[in-house]
Amino acid sequence: MYRTAAKRFLGVGFTTSRLLRLPKPRPNPTIITPYSHASALCTSSIGHTESPIGNQSVNPNQSDPTAASSSTAREEGPRRDESSRKKPRAEFEEEQARVLAASLRHVPRLGWTEEAMIAGSREVGVSPSIVGSFSRKEAALVEYFMDECLQLLIDRVDSGLDLQNLIPSERVSKLVRIRLEMQIPYMSKWPQALSIQAHPVNVPTSFKQRAMLVDEIWHTVGDGASDLDWYVKRTVLGGVYSTTEIYMLTDDSPEYRDTWAFLDDRVKDAFDLKKSIQEAKYFAQDIGAGVGKSFQGLMNGVMQTMSRRGGSSAF
Amino acid sequence: MHLTSRADSSLSLVSSSQGTNFAEAMALRSISRRFGSRVLSYRSSSVASLHSHATSFGFQQVKEEEKRKLVGNVFSNVASSYDIMNDVMSGGLHRLWKERLVGKLSPFAGMKHLDVAGGTGDVAFRIFDAVNSVKRRALRKVDEDSLEETQIYVCDINPNMLNVGKQRAAERGLGDNKSLVWVEGDAEALSFDDNSMDGYTIAFGIRNVTHIEKALAEAYRVLKRGGRFLCLELSHVDIPVFKDVYDLYSFKVIPNLGELIAGDRESYQYLVESIRRFPPQEKFATMIADAGFEKVEYENLVGGVVAIHSAIKL
């Protein structure tokens, strides 16, 4: 629902535009409100810029293609005035975001459950009845967390993450590692989150969120391809991410060293796989060329015969 | 004036012999005889032509003060057979509808809930059960705050209905339970404090209220911030063929069932007429939004025979 608020302010193409690689729109500033809470939870918080907590103010500290952010900020002003009728809806979504953000603090103790959300709503000063109105309750909490982490990742990248000296496979490793580290505080309850995401009702949303995440990582790494390769790359990275995430669940090593080693190996495999697919493709083309030539010859013969016949009938 | 004084005298006769079917039927029959000749002409006039001090009692136009009394009589009359009639008329479906209502509410331990016009306690018992099973499950993760007691208030304007409810509570062994509180009161003028309730439900009751806006305003007043308003009500069906089947069932079958089982045709005639006079789903949703509620939504059950409207106070 917080995404739909963003969509309304920034136009329909918000989520789809990410996948189509349009210039990154800034999300609704109200989503940033729990930002400072979320960043406190994230272990790797180096280089974060603090955002002022303000409901309707645009965050000036975000380092971003400034043209894009200031133009959307200017657009948001007049648009907010004329859509004052829709304000109640936005208010509900703000409240929901606030409650969910507060609930995250209770998750390590109470799990991804209604109890955590009830505790969160009590903290915010709202009647816990509001939890009853969240669609697919626990899933709302998990999805909120996933979106928050994606946003954090984007912000980390925007605020100058150094990727220049790394080869693509190392870049991918680093980004996946950053993202997975955000889940460390919730690791004890993460299996529950995964099972909630796997529930058939919730699969469409969780799939979409993972797709967005994977797309973001590839985009940051510097991939601009838009052919069939695009799907292959994202699927492969999706697989790498999921397997690493699950490995992490049972990893006891200090600071998850084993997980990062596992991740590096998988990413290397993926890139090697890519190379092997390329080689297989060239091989197939070479063979195909041979077969294709003879097929071409056949087609040419057929065309000539037909044109001769057509020509003669004209007379 | 002449008519109302006659109606008054017959009603006073009724109130002295409270609860007897014959007296109620007499009263209603006398009123309907007087208004009967006007019913046809009134039926053709739309709600828009209603002048400010008249309201609808089924398809009849009555003075506002009268509606309260007439409704009171209807429910005094039907109280004892209310539950049986519900089962027969809806084929047992009303239980599912109430389950759905309570499911949507998602009751939690420590909740302060108000069920208005819930005389016989159907919704209240379900909420009580839901909270106590939740409490048992969550016992190992109990938050200090939720150790406050759950309070479910059942408010009804009709003492007869409340008595049936108290009886049923006693049968379930909840007679002395502090969580269930039976209160006599009017939906348009609740005796509860502002911002005191986490939840407010009204199941099959808002149709009978004289001023719906007042009831909605009261609901808004007593709810806390974040509190939910849920209304289960018989509503309008728009599906072509099904609508006709439903109309046939309503006007032909239900009053006859009322006569057979509860011995009271007029009350059930009133019931089906009041359903038709109630605003349709969208209009009612607008009324709820006008009272100040947010995130107003409605869900049709059985193609619109029943609708659950929900909203939040923010």
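FRET efficiency for the pair A:THR235 and B:ASP129, taken as 1/(1 + (r/R0)^6) with r the Cβ-Cβ distance and R0 = 41 Å, rounds to 0.30. Put B:LYS252, B:LYS69, A:LYS293 in order of accessible area, highest first, and with a 1.4 Å probe you get A:LYS293, B:LYS252, B:LYS69. Taking A:ARG266, B:ARG207, A:ARG109, A:ARG309 and ordering them by how much accessible surface each has at a 1.4 Å probe, largest first, produces A:ARG309, A:ARG109, A:ARG266, B:ARG207. For B:TYR82, A:TYR144, A:TYR231, the ranking by accessible surface with the largest value first comes to A:TYR231, B:TYR82, A:TYR144, using a 1.4 Å probe. Taking each residue as 0.36 nm, the span from B:ASP238 to B:GLU64 lengthens on full extension beyond its C-alpha to C-alpha distance by 59.7 nm. Backbone geometry of segment A:136-144 corresponds, through the Karplus equation with coefficients 6.51, -1.76 and 1.60 at θ = phi - 60°, to 3J(HN,Hα) couplings of 6, 1, 5, 5, 4, 5, 5, 5, 4 Hz, x marking Gly and Pro. Under the convention that each Lys and Arg Cβ holds +1 and each Asp and Glu Cβ holds -1, the size of the dipole of segment A:125-224 around its Cα centre is about 340 debye.
A Förster distance of 25 Å, applied to the separation of the beta-carbon atoms of B:PHE251 and B:ARG95, puts the FRET efficiency at 0.55.
In peptide B:218-231, how many Cβ atoms from other protein chains are near each Cβ within 10 Å, on average?
Average per residue, whole number: 3.
Each part gets one Cα centre, and for segment A:133-191 versus segment B:250-314 those centres are 48 Å apart. For A:PRO204, the shell of other residues with beta-carbons less than 13 Å away shows a net charge of +2, using +1 for Lys and Arg and -1 for Asp and Glu.
Amide H contacts for B:LEU223 (H built 1.01 Å from N in the peptide plane; partners 5 or more residues away or on another chain; cut-off under 5 Å): B:ASN195, B:SER196, B:MET197. Keeping all protein chains in the complex and leaving out DNA, RNA and ligands, what accessible area do you get for B:MET89 with a 1.4 Å probe, in Å² to the nearest 10? Rounded to the nearest 10, that gives 30 Å². For the peptides B:118-126, A:148-156, A:270-278, the ranking by packing is B:118-126, A:148-156, A:270-278, with the highest mean count of neighbouring Cβ atoms within 10 Å listed first. Here the 3J(HN,Hα) profile of segment B:160-174, calculated from phi with Karplus coefficients 6.51, -1.76 and 1.60 at θ = phi - 60°, is 4, 5, 4, 5, 4, x, 4, 4, 5, 5, 4, 4, 7, x, 9 Hz, Gly and Pro shown as x.
Beyond 32 Å in Cα-Cα separation lie the following of the pairs A:LYS189/B:LYS98; A:LYS137/A:LYS274; B:LYS98/B:LYS283; B:LYS104/B:LYS214; A:LYS137/B:LYS166: A:LYS189/B:LYS98; A:LYS137/A:LYS274; A:LYS137/B:LYS166.
Modelled label positions at B:ARG225 and A:HIS219, each set 7 Å beyond Cα in the direction of Cβ, lie 3.6 nm from each other. Across segment B:186-225, Cα pairs under 8 Å and at least six residues apart give a relative contact order of 62 percent.
For the segment B:100-111, counting C-beta atoms of other chains within 10 Å of every residue's C-beta and taking the mean gives 3.
Beta-bridge orientation, segment B:180-314: approximately 70 percent antiparallel, per DSSP, counting only bridges with both partners inside. Using a simple spin-label model with pseudo-atoms 7 Å out from Cα toward Cβ, A:ASP252 and B:ILE261 lie 6.4 nm apart.
The HN-Hα couplings worked out from phi for segment B:297-308 by the Karplus form 6.51 cos²θ - 1.76 cosθ + 1.60 (θ = phi - 60°) are 9, 9, 10, 8, 10, 6, x, x, 4, 10, 10, 10 Hz, whole numbers, x standing for Gly and Pro. Label sites at A:ARG309 and A:VAL201, each approximated as a point 7 angstrom past Cα along Cα to Cβ, lie 6.4 nm apart. Close amide-amide hydrogen proximity is noted between B:LYS112 and B:GLN151, B:ASP198, B:GLY199, each under 5 Å apart and 5 or more residues distant or on a separate chain (H modeled in the peptide plane; Pro and chain starts excluded). With a 10 Å cut-off around each Cβ of A:118-127, the average count of Cβ atoms from other chains is 5.
Neighbours of A:MET182, meaning other residues whose beta-carbon lies under 13 angstrom from its beta-carbon, give a summed charge of -2 when Lys and Arg score +1 and Asp and Glu score -1.
The values are calculated or read from the model by the stated rules, or taken from the named source; none is laboratory data. Owing to the predicted nature of the structure, the values given are computational and were not obtained by experimental measurement. Every residue, glycine among them, receives a Cβ derived from its backbone with ideal geometry; neighbour counts consider all protein chains shown. Quick note on the areas: whole protein, heavy atoms, side chains included, nothing else; ligands and nucleic acids left out. Shrake-Rupley method; radii C 1.70, N 1.55, O 1.52, S 1.80 Å.
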